[in-house]
1. Roughly what angle does helix 51-60 make with the longest principal axis of the chain, taking Cα atoms, 0 to 90 degrees, to the nearest 10?
2. Report, to the nearest 10°, how far helix 77-89 tilts away from the longest principal axis of the Cα atoms in the chain, using its own Cα long axis and a range of 0 to 90°.
3. Can you put His88, His52 in order, fewest other beta carbons within 10 Å first?
4. With the cut-off at 24 Å, tell me which of the pairs Lys24/Lys113; Lys69/Lys142; Lys42/Lys134; Lys64/Lys126; Lys64/Lys134; Lys42/Lys64 have Cα atoms farther apart than that.
5. For the range 20-155, with only Lys/Arg (+1) and Asp/Glu (-1) charged at the beta-carbon, what is the dipole magnitude about the Cα centre, in debye rounded to 20?
6. Projecting each Cα onto the charge dipole of the chain (Lys/Arg +1, Asp/Glu -1 at the beta carbon, about the Cα centre), which of Val25, Pro106, Phe166 comes out farthest on the positive side?
7. Exposure proxy check: Val5, Val87, Val25 ranked by fewest other beta carbons within 10 Å?
8. Quick one: longest stretch of the chain between exposed loop chymotrypsin sites (Phe, Trp or Tyr not before Pro), exposed meaning at most 10 other C-beta atoms within 10 Å and loop per DSSP?
Amino acid sequence: METTVYVEEEKVALIADPEVWQAKVKELGLEGQEQIFADGKKANPFLRMDSHLVRVFETLCPTKKPIEKFDVEPIPLAALGAYGLAVHENYFERVEIWYSPGQPDPVMIGTVKNEQFLMAQWGPEKVSLDELAKRARTRWIKENAPKAKRAAEMYKNVEELADSYFRGDWVYIP
C-alpha cells in the first residue's frame, strides 16, 4: 500500500516553527498576514484544490463518505496522521473520503468555507497527480462519449469537451 500526504512544502515551516514567521510578519508590519494567526491557529499545510483537481477526483472517486463513517478499507497510518493534524489544529469543517467502489486510490479531502484541500491518497501504487488527471480524463470521455455524440452539433468532439471540462469551464451535456 502506497500513501501520499499532500502538504505544501513552503507551509511546513509555518507549522514546525510558526514563531519565526510571525516575528518577521510583525517586524514588517504586515497586518493582513498577522490576521492569519490571530486566532492562534497554525497555517493549513494541505494542498488547496483548484477546479481541475476537484473534477479529477470527483471523476475518479464519485462516492463520498465522512471519514467517521468510512468502512470500505483501512485508512493507512500516514493518512490517519494527516487527519490527526487536521483535527488537532481544527483546519476543516469536515473531512471526507472520496472513493470509487471496487477501484483503488481513495483520497482524503478536507473542506472549510467551501474550499477543498487534498490531504492524502492511497492505493496499491504511488500515482502522480498528472497520471491521475490522465486517468480521470480517459474515464470521463468513456462515460460521456455517448452523450457527447448526441450533442455533436453543439461540440466538435468529446476530446475538446473533456479539455474544456478539466480547464474548469462549464460544460453542458444533454
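1. 60 degrees
2. With rounding to tens, the tilt is 60 degrees.
3. By the 10 Å Cβ count, ascending, the order reads His88, His52.
4. Flagged as over cut-off: Lys24/Lys113; Lys69/Lys142; Lys42/Lys134; Lys42/Lys64.
5. 540 debye
6. Checking the options against the dipole of the chain, the answer is Phe166.
7. Sorted ascending by nearby Cβ count, the order is Val87, Val25, Val5.
8. It runs 1-169.
The numbers here are math on the coordinates, done by the rules we state, and not lab data. Just so you know, these numbers come straight off a predicted model, no measurement behind them. Using ideal geometry, Cβ is built from the backbone for each residue, glycine included, and neighbour counts are taken over all protein chains shown.
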